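Each value in this text was obtained by applying a stated rule to the coordinates, not by laboratory testing. It should be emphasised that the depicted structure is a prediction, and the values quoted were computed from it without experimental measurement. Virtual Cβ from ideal backbone geometry, glycine too; neighbours counted across all protein chains shown.
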Amino acid sequence: MDSCVIPLRHGGLSLVQTTDFFYPLVEDPYMMGRIACANVLSDLYAMGITECDNMLMLLSVSQSMSEKEREKVTPLMIKGFRDAAEEGGTAVTGGQTVVNPWIIIGGVATVVCQQNEFIMPDSAVVGDVLVLTKPLGTQVAANAHQWLDNPEKWNKIKMVVSREEVELAYQEAMFNMATLNRTAASLMHTFNAHAATDITGFGILGHSQNLAKQQKNEVSFVIHNLPIIAKMAAISKASGRFGLLQGTSAETSGGLLICLPREQAARFCSEIKSSKYGEGHQAWIVGIVEKGNRTARIIDKPRVIEVLPRGASASAAAAPDNSNAASEPSS
């Protein structure tokens, strides 16, 4: 799943470790560094681990960049990564930097912890509720933003979205990707989570299926609601790409998908939005756990919850099916 868990020779302790890296998908090098760090840490957070003992940074600088570009971009990426690590209560103590055809950024996160500090992703039970802690649509937003300068591709989507809406969605996606899942990880313990994973490259359906396969009980996951950054579902349809409504659109540094007891789910959604955790945390009930053969599916016509970007006026992207964060999925 998301991290390896290795029992240590020293009594009662486990080493939990994860690594990840990818190519830039936003224009801002500082934000790219923050997103990369948040993405690495997210694998620990998916196990309910809130403390990270150490991070290493993996950085590849492109040989096609000029010396001036390298001197400008590289320190910004490093600063973004380090700042996000500091926000997560850890530090970057080393790593590796190389010159390569492509820019690549990522890292390794390591923690030594006791068994009560992590939640194995395998104990979902029938009747649990699925909660998602970030909206979907980051890949669509990043691509649509690139298409603003590509007339051929922009022409395919300009009937369903304005340039301003694309800019707002891109900023929202960037903010969400750079937000740590640490608060959600902490609340997994408070509200007795039974399993979780983070939503990244395989989309919500792929990661739901991976999580379902890990369950000890004979259960399946059914997703009814898809919280999506406003207008991104329309872009996905109009472009004929991504598969956002089918749950196959890749996400970067997405939210946690958490199996919670039904009676705890609405309280989790309410608590994570509390101002005491800072701005920007959200959560939605997106599905249910039912008896089954360890599979996951999205219903034929899922309810799309249009999530307004910060800075959008309420009327700009409001949808008739905009919903309360704690709404129950209908069968």
Any aspartates and glutamates whose Cα falls less than 17 Å from that of Lys291, other than same-chain ones fewer than 8 residues away, would be Asp122, Asp128, Glu218
The percentage of Cα-Cα pairs in the chain separated by more than 24 Å is 54 percent
Most exposed first, judged by fewest Cβ atoms within 10 angstrom, Lys213, Lys231 run Lys213, Lys231
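Normalised by the residues of segment 48-153, what does the relative contact order come to in percent, with Cα pairs under 8 Å and at least six apart?
Values: 106 pairs, mean separation 41.8, N = 106.
Taking the mean separation of contacting Cα pairs over the length of segment 48-153, I get 39 percent.
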Listed by chain and number, the lysines with an alpha carbon less than 18 angstrom from that of Lys231, same-chain partners under 8 positions apart left out, are Lys134, Lys153, Lys156, Lys158, Lys301
What one gets for segment 193-254 as the Kirkwood radius, inverse of mean 1/r over different Cα pairs in Å, is 12.7 Å
In the neighbourhood of Val111 defined by beta carbon distances under 9 Å, the net charge of the other residues (Lys, Arg +1; Asp, Glu -1) is -3
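So if the hydrodynamic radius of segment 69-182 is defined as the Kirkwood radius over C-alpha pairs, what does Stokes-Einstein give as its diffusion coefficient at 4 °C and 1.567 mPa s, in µm² per second? Write out the running numbers ahead of the final one.
On the way: Rh = 18.3 Å.
It comes out at roughly 71 µm²/s.
Over segment 90-240, what is the relative contact order in percent, taking alpha-carbon pairs closer than 8 angstrom and at least six residues apart? Let's see the in-between values first.
Values: 109 pairs, mean separation 62.0, N = 151.
Across segment 90-240, relative contact order equals 41 percent.
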Per its Cα gyration tensor (rounded if a/c is under 1.5, else prolate when a/b beats b/c, else oblate), segment 85-149 is best filed as oblate
If every Lys and Arg gets +1 and every Asp and Glu gets -1 at its Cβ, then about the Cα centre the chain yields a dipole, in debye to the nearest 20, of 500 debye
antiparallel share of DSSP beta bridges within segment 4-113, to nearest 5, in %, is 70 percent
In whole percent, the Cα-Cα distances of segment 4-113 spread across 5 Å bins from 0 upward as 2, 13, 23, 22, 16, 10, 6, 4, 2, 1, 0
Going residue by residue through segment 194-211, the Karplus relation 6.51 cos²θ - 1.76 cosθ + 1.60 with θ = phi - 60° gives ³J(HN,Hα) values, rounded to whole Hz and with x marking Gly or Pro, of 9, 5, 6, 8, 9, 9, 10, x, 8, x, 5, 5, x, 6, 5, 5, 4, 5
Whole-Å distance linking the alpha carbon centroid of segment 149-167 with that of segment 71-146 is 29 Å
Here Rg/Rh (Cα, Kirkwood) for segment 154-309 equals 0.97
The local net charge around Ala178, scoring Lys/Arg +1 and Asp/Glu -1 for residues other than Ala178 whose Cβ lies under 10 Å from its Cβ, equals -2
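Among bridges DSSP assigns within the chain, what percent are antiparallel (round to 5)? Before the final figure, lay out the partial values.
Working: 38 of 55 bridges.
Bridges in the chain that DSSP calls antiparallel: roughly 70 percent.
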Phi angles of segment 163-170, converted by Karplus (6.51 cos²θ - 1.76 cosθ + 1.60, θ = phi - 60°) into ³J(HN,Hα) in whole Hz with x for Gly and Pro, give 4, 4, 5, 5, 4, 5, 5, 4
